[in-house]
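The values are calculated or read from the model by the stated rules, or taken from the named source; none is laboratory data. Computed from a prediction, not measured in an experiment: that's the story for all the values here. Using ideal geometry, Cβ is built from the backbone for each residue, glycine included, and neighbour counts are taken over all protein chains shown. These area figures cover heavy atoms from the full protein model, side chains too; ligands, DNA and RNA do not enter into them. Shrake-Rupley method; radii C 1.70, N 1.55, O 1.52, S 1.80 Å.
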Amino acid sequence: MTAITIRDVPDGVVDSLKVRAAQAGKSLQAYALELLSREAAKPTLAEMAARLERETRTELSTTDILDAIEDGRDRQVPD
């Protein structure tokens with residue numbers, strides 16, 4: 001594994017992270033690793049957009065859509 005050093009972290013940020021780590025029953029290192037791992041696992045906006053594009057792409061033609069509408073109308077029960 002690789003070690004990461006973060007310099008010039010404001011004291012207030014370090015203090016807040018130490019408190020949160022203690023509340024979670026973890027060391028600051030374990031807590032920070034969990035935060036970084038969680039953030040790295042989240043998809044970026046670009047990745048989400050690409051996934052949405054892949055999953056919503058359709059090969060329907062206008063004729064297919066119009067035929068489906070007509071089929072739905074044919075199946076409706078008359079009043």
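Return yes or no: is L66 at pLDDT 95 or above and either part of a helix (DSSP H, G or I) or open to solvent by less than 100 Å² (accessible area, probe 1.4 Å) (or both)?
No; evaluated as a whole, the condition is false for this residue.
Residue by residue through the stretch 1-28, note down the ones that are assigned to a helix (DSSP H, G or I) and surrounded by 10 or more Cβ atoms within 10 Å (Cβ to Cβ).
Residues satisfying the conditions are V13, V14, D15, S16, L17, K18, V19, R20, A21, A22, L28.
Residue by residue through the stretch 29-49, note down the ones that are in a helix (DSSP H, G or I) and open to solvent by 90 Å² or more (accessible area, probe 1.4 Å).
Answer for the stretch 29-49, where residues must be in a helix (DSSP H, G or I) and open to solvent by 90 Å² or more (accessible area, probe 1.4 Å): Q29, L33, L36, R38, E39, L45, E47, M48.
For the stretch 50-57, state whether one or more residues are modelled with pLDDT under 90, assigned to a loop (DSSP other than H, G, I, E, B) and of a type in the set (D, E).
No, the stretch 50-57 contains no residue that is modelled with pLDDT under 90, assigned to a loop (DSSP other than H, G, I, E, B) and of a type in the set (D, E).
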